[in-house]
Structure formats: C-alpha cells, structure tokens
1. For residues that are among the aliphatic types (A, V, I, L, M), at pLDDT 95 or above and not in a loop (DSSP other than H, G, I, E, B), scanning just segment 87-107, find the one that is farthest from L64 (Cα to Cα).
2. Quick test for you: out of A149, A157, pick the one residue that is among the small types (G, A, S), within 28 Å of A68 (Cα to Cα), out of contact with any Leu (no Cβ under 7 Å at 6 or more places or on another chain) and crowded, with 20+ Cβ neighbours inside 10 Å.
3. Whether any residue in segment 252-262 is within 24 Å of the chain's Cα centre (by Cα) and either of a type in the set (F, W, Y) or assigned by TED's automatic domain parsing to the domain that holds S180 (or both) is what I want to check.
4. So which of R75, R93 ends up being among the basic types (K, R) and in contact with a Pro (Cβ under 9 Å, 6 or more places away or on another chain)?
5. Does I175 satisfy the condition of being in contact with a strand residue (DSSP E or B) (Cβ under 6 Å, 6 or more places away or on another chain), assigned by TED's automatic domain parsing to the domain that holds A149, crowded, with 16+ Cβ neighbours inside 10 Å and not in a strand (DSSP E or B)?
6. Listed residues E267, E220; which is surrounded by 18 or more Cβ atoms within 10 Å (Cβ to Cβ) and closer than 25 Å to W133 by Cα?
7. Suppose we filter segment 178-204 for residues that are surrounded by fewer than 20 Cβ atoms within 10 Å (Cβ to Cβ), in a strand (DSSP E or B) and within 17 Å of the chain's Cα centre (by Cα); how many remain?
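The values are calculated or read from the model by the stated rules, or taken from the named source; none is laboratory data. For clarity, every value in this text was computed on a predicted model and none was experimentally measured. In this analysis, Cβ positions are derived from the backbone assuming ideal geometry, glycine residues included, and neighbour counts consider all displayed protein chains.
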Amino acid sequence: MTDDLPPLRDIIARHDLGAKKALGQHFLLDLNITRKIARAAEVAPGDLVVEIGPGPGGLTRALLETGAEIIAIERDARFLPALQELSDAFPDRLTIVSDDALEADERALAGGRAMKIVANLPYNISTELLIKWLRGAHSGGPPLWSTMALMFQKEVADRILAAPGSKTYGRLSVIAQAASRPSRAFNLPASAFTPPPKVASSVVLFQPTAQPLADFRALEAATQAAFGQRRKMLRSSMKSLWGDHAEVFLSSADIDPTRRAEDLRVEEFLRLAAIRASRGSSASG
C-alpha cells in the first residue's frame, strides 16, 4: 500500500529532486488530488496506464493504488532512483522507461494491449504530446488509447474546449474536438503544485471518437493553413494549401470563401480535410 511508503517530500529531499523550470516541471504531491485524477480516468484493477513525466511519483502512487499496471516514461534521469524505489515496492506493477515522451512508442511499450494515458504533463510540451496521441488514435489499426486524463495549463484547456467564434477557438480546438471527445474534469489552483506555476491548471478527459478520421494529417494541413492567417478570409488564407484553386475547393465544401477560420465549425474543417485528402494540395494533386 502507498500508505506504507515514505512521504513524497522526504523522497524529494533525500534525492535532491528540485523541479526544473526548463522542463516545465511542477509536482503534484497531494494524494487527495492525484487520487481524484485517477478516479476521473476511471482507472481500475488490471488496466494498463501510461504515465508521462512521473517525476518523484506523486500521481504514480495514486495510480498504483487502483491495482493498475503502470508504464512510467521519464526523461529526467534524476528521478529514476526514486521511481525505482517505488517499482521495488510494487513488483511487476510499475515499469520505468527512461525516454523522451515525444519520441517514445507507446504502442510498442504496451505490447498491443489497450491503454489509458494519465499524466500531469510537462507544460512546455503538453500540446505536442496531445497532438501525437490524437494522431496515434487515427493512424490505423487498434486504437492507441481508450481514455486520456491529462493536466494542462488552464488556458490550454480553454483552447482545447473552445467553441467556434470565441477568442480561444483555434487549430488546437478543431483538432482535439475532431479527433476525440474532450471534456473538463476539474480545475486546480496554482497552489496545488510544488513549485506553484504562474497559472491555474485543468484536468481534461479525452474519449475516442466512434469512427477514426479518414486522414488526420489532412486535417492538420487544413487547420494550419486556415489559422495561419486567422484574420484573413479563407479565400486568402487557404491559398497556402491550394493556391489559386482555393475558392473552388472552398465552394465544393459548401463553405463561403469570405468567412474566416475562427467561424468554421469542426465538421466544416472535416469537409476541408476530406477534400485535401482526396485532391491533394492543388487542382492537379
């Protein structure tokens, strides 16, 4: 049981584990909060959970309490001895992988098993990791994950969940909502972390879509073009994708070329992505 383990603050002091700002590290040490995250993800005995950036193991302890098996991917080698102590206390339940999460192959690590991804993400790579996992869920074959419960800066969570026409609606909103079903579980104040960040945070839940996207990369290309010049009309911004044929392709998607990216609904971006996937970057593509 985790109640028999040394307090996290003692582990941090003994191994001299200060958070590194350059790596976007902010520790969650309150077991009540980490247990709440595990409950939000509905982690159950026998589940396989991939955790990114476990640090000294605060969230890891809560996940282990559920009876799940954990694969913890940690880039910062300073934390490996402390995590190994935790692994020794839970034989065969915690696997530690020393790797950069942006480079890690979660599917290979899981050995074909379904997984949940639960993490207090390093803030400086949180959106890159999200896009990576959303792309992985639509890359063919079995789904990469069944549920994700991820901690973001609140402003990033707001962007993920934003509606068309709002100031925070953008490329991340469209991709996240097209490739998953995101919802906010709860917010956390900066004071919940050690050291406290300058902003509040949110835990966001992601469920997979009923059907995989036909071409995730086409959606990435369409949103990049549209929001790359978000204040311009689509007939201008989409020229970076389709050149002089932009208006023709927009009209074929039943989208007024004088509209702007921030006003398009997710399903309209999916229509643009379908055209991009079927016709390429130009009329001859």
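1. Ranking the qualifying residues of segment 87-107, first place goes to V97.
2. Working: A149 fails: out of contact with any Leu (no Cβ under 7 Å at 6 or more places or on another chain).
Just a single option satisfies the conditions, and that option is A157.
3. Keep residues of segment 252-262 that are within 24 Å of the chain's Cα centre (by Cα), which gives 261-262.
Now drop any that are not either of a type in the set (F, W, Y) or assigned by TED's automatic domain parsing to the domain that holds S180 (or both), which leaves none.
No: zero hits.
4. Working: R93 fails: in contact with a Pro (Cβ under 9 Å, 6 or more places away or on another chain).
Exactly one residue qualifies, and that residue is R75.
5. The answer is no for I175.
6. Numbers: E267 fails: surrounded by 18 or more Cβ atoms within 10 Å (Cβ to Cβ).
Just one listed residue meets the conditions, E220.
7. Summing the residues that are surrounded by fewer than 20 Cβ atoms within 10 Å (Cβ to Cβ), in a strand (DSSP E or B) and within 17 Å of the chain's Cα centre (by Cα) in segment 178-204 gives 7.
Residues are listed down the side, and each one gets a yes or a no for (1) touching a residue at least 60 places away in the same chain (Cβ under 8 Å); (2) closer than 29 Å to D10 by Cβ; (3) not assigned by TED's automatic domain parsing to the domain that holds L172:
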| residue | (1), (2), (3) |
| --- | --- |
| I73 | no, yes, no |
| L86 | yes, yes, no |
| P91 | no, yes, no |
| T95 | no, yes, no |
| A114 | yes, no, no |
| S126 | yes, yes, no |
